[in-house]
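Note sheet for the following structure.
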Amino acid sequence: MKNNDKVDARRRHLLCSGALLGTLPLASGSADAASQTSPASLAAPAMPVAPVGATPATLARDNAYWNAVAAQYDITDDVILLDNAYWGSMSKSVLADYQQQLAMVNRGNAWYGRVRFPAEFETARKRTADALGVHHDEIVFTRGATEALQVLIAGYQRLTAGDSVLYADIDYDNMITTMRWLKQRRGVNVVAISMPEPFSYDAVVAAYVAAMDQHPRLKLILLTHVNHRNGMVLPVAHIARLARERGIDVIVDTAHGFGQLDMRIPDLQADFVGINLHKWIGAPVGVGAVYIKRGRVRDIAPYLGEPDGDDISTRVHTGTLNFAAYLSLPKALDLHAAIGVANKQARLQYLRNRWVEGARQIKGVTVLASSDTRLSSAISAFRLKGKTRTEDTTGLTTQLALQHGIFTVPRNGLVSGSCIRVTPGIFTPESHIDALLAAMQKVAAA
């Protein structure tokens, strides 16, 4: 098939599937049969072993190793997928385990759910706590980071009328909504700040310090470890220490931090953290966790009707769970450990830097990213100069998909305007990054 024929076939598929962020009509039953996963495709090759003596920095450029890692995954070839921050694909081995667990749970029904599942669920919780670097009685599972953070924000009990709470423009939309809701619920003053752009370590810290100084009754700050808009890594531990000195609590959103960055929960210096396990860990969709430091559980209200006390499980009540998703979590953690979080971070940074530094050289492109490695994650963003409206970025993401076969996503909410988020995964080859740069050259020139 000629290149033009491939482009036309991709364009037809995208138009039929309505894949472009709801901007195109959805045609039911139009999924390409070739894109469906078959059981036979879930047979994963042996996990590659990193060369002896390889550091994360040297391994990041070892394409043979990362091609072998990519072989652990079954990823669509309908598009070049550069929106890997929505959720993380399960590896073939995790998906196979999930399917097996799902069949087992379905067969065992209530007999399994009531008799065997509680102990196996607790095993998964302990394994997760070990990976997070915390005690198992400091975490409780949720269906994702959104639910975890809503539990923490809405349930935070150390507020009285007239106190202040703080969020920033980089925070996640649903968390901003919940912070604003505290005005109605608790009678507090809700303070919003925006991050400097371009951002630097000192300027970001200064923005939070200024807000603390300006609002003497500030009692609670929402901090997003790695934000979903431009991917900036917030100096959470630094800000949290400064807040603690002033008697201010922080709630940390590490949905995009844990699993992507070489860190564990105590490194954040925070007593309340919302965690996602289906993004950068690659567990089945619908798995997250709440962390509450020992001794702080009573500062979060128990779930409706649950008894008060020090049992963290009384702070979340999700009803009947997706049993299989939690049972497959240890398998996802096994692969995460086998690759190594330091190696994952180095590879993702390498791919991110490859496109960011290339894009900085393209006339007419504004890159929303820092060269400071302390502030850098796999996620970064760009916009065409002067194109800050939602319709600008939505139109450009559609153009990138239809004309170049590259799937990215627009993000709104920054005070400076809308942007386009680019997020590689550990299975992304260098050629996909280079294709993005070539496409950016063309759209900027046009």
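The values are calculated or read from the model by the stated rules, or taken from the named source; none is laboratory data. Treat the numbers as computed from the prediction; the structure is a model and nothing was measured. Using ideal geometry, Cβ is built from the backbone for each residue, glycine included, and neighbour counts are taken over all protein chains shown. Surface areas here come from the heavy atoms of the whole protein model, side chains and all, with no ligands, DNA or RNA. Shrake-Rupley method; radii C 1.70, N 1.55, O 1.52, S 1.80 Å.
In this Cβ point-charge picture (+1 for Lys and Arg, -1 for Asp and Glu), segment 291-401 has a dipole of about 700 debye about its Cα centre.
Taken one residue at a time, the phi angles of segment 225-235 give Karplus couplings (6.51, -1.76, 1.60, θ = phi - 60°) of 4, 10, 7, 7, 8, 10, x, 4, 8, 6, x Hz. Gly and Pro are set to x. Taking each of K126/K344; K92/K442; K331/K442; K293/K344; K219/K387; K92/K293 in turn, the alpha-carbon distance tops 32 angstrom for K92/K442; K331/K442; K219/K387; K92/K293. Less than 5 angstrom separates the built amide H of L218 from those of S164, all sequence-distant by 5 or more or on a different chain. Only one of the listed values, (i) 142; (ii) 164; (iii) 131, was derived from the coordinates as volume of the Cα convex hull per residue in Å³; which label is it? Read-out from the structure maps to (ii). The 3J(HN,Hα) values that the Karplus relation (6.51, -1.76, 1.60; θ = phi - 60°) gives for segment 435-441 are, in residue order, 5, 4, 4, 5, 5, 5, 4 Hz. Gly and Pro appear as x. Rounded to the nearest 500, the helix-only mean residue ellipticity at 222 nm of the chain stands at -12500 deg cm²/dmol, with each DSSP H run of n ≥ 4 adding -39,500 (n - 2.57).
Amide H to amide H distances under 5 Å link K279 with G88, where only residues 5 or more positions off or on other chains count and H is placed in the peptide plane. Rolling a 1.4 Å probe across the protein heavy atoms gives the chain an accessible surface of 44 Å² per residue. Distance between the modelled labels on A203 and T398, one decimal in nanometres: 3.3 nm (7 Å Cα→Cβ projection).
Scanning residues 5 or more positions from D83 or on other chains, those with amide H under 5 Å from its amide H are T423, with H placed 1.01 Å from N in the peptide plane. Rounded, prolate or oblate: which fits segment 398-446 when a ≥ b ≥ c are the square roots of the eigenvalues of the alpha-carbon gyration tensor, with rounded for a/c under 1.5 and prolate only if a/b beats b/c? It comes out oblate by the Cα gyration axes. What does the charge count near A378 come to, summing +1 for each Lys or Arg and -1 for each Asp or Glu among other residues with Cβ under 10 Å from its Cβ? Net local charge, A378 excluded: +3. Taking square-rooted eigenvalues a ≥ b ≥ c of the alpha carbon gyration tensor, is segment 288-446 rounded, prolate or oblate, where a/c under 1.5 means rounded and, failing that, a/b exceeding b/c means prolate? Verdict is prolate for segment 288-446. About its Cα centre, the dipole of segment 203-348 is roughly 300 debye, where the only charges are +1 on Lys and Arg Cβ and -1 on Asp and Glu Cβ. Here's the picture: charge each Lys and Arg Cβ at +1 and each Asp and Glu Cβ at -1 in segment 273-432, and of F323, Q345, T388 the one pushed furthest to the positive end of that dipole is T388. Think of the chain as a dipole: +1 on every Lys or Arg Cβ, -1 on every Asp or Glu Cβ, centred on the Cα centre; then among I153, G282, A168, A168 lies furthest on the positive end. Give me the percent of the accessible area of the chain that comes from carbon and sulfur atoms, probe 1.4 Å, all protein chains in place. The value for the chain is 51 percent carbon and sulfur by accessible area. Beta-bridge orientation, the chain: approximately 50 percent antiparallel, per DSSP, counting only bridges with both partners inside.
Based on Cα contacts under 8 Å between residues 6+ apart, the chain shows a relative contact order of 21 percent.
Dipole magnitude for the chain: about 460 debye, using +1 per Lys or Arg Cβ and -1 per Asp or Glu Cβ, origin at the Cα centre. 3J(HN,Hα) couplings calculated from phi for segment 206-217 with the Karplus curve 6.51 cos²θ - 1.76 cosθ + 1.60 (θ = phi - 60°) are, in sequence order, 4, 4, 6, 4, 4, 5, 5, 5, 7, 10, x, 9 Hz; Gly and Pro show x.
In percent, how large is the relative contact order of segment 293-385, given Cα pairs closer than 8 Å and 6 or more residues apart?
For segment 293-385, the relative contact order is 17 percent.
Between V49, V226, V252, the Gaussian network model of the chain with springs among Cα atoms under 10 angstrom shows the greatest mean-square fluctuation at V49.
Between Q403, Q345, Q150, the residue with the greatest mean-square fluctuation in the GNM of the chain (Cα pairs under 10 Å linked by springs) is Q403. Classify segment 123-189 from the C-alpha gyration tensor, please: rounded if a/c falls under 1.5, else prolate or oblate depending on whether a/b exceeds b/c. Since a/c reaches 1.5 and a/b is larger than b/c, the shape of segment 123-189 is classed as prolate.
Connecting C-alpha atoms closer than 10 Å in a GNM of the chain, tell me which of E245, E120, E197 has the biggest fluctuation. Comparing E245, E120, E197 in a Gaussian network model of the chain, the most mobile one is E245.
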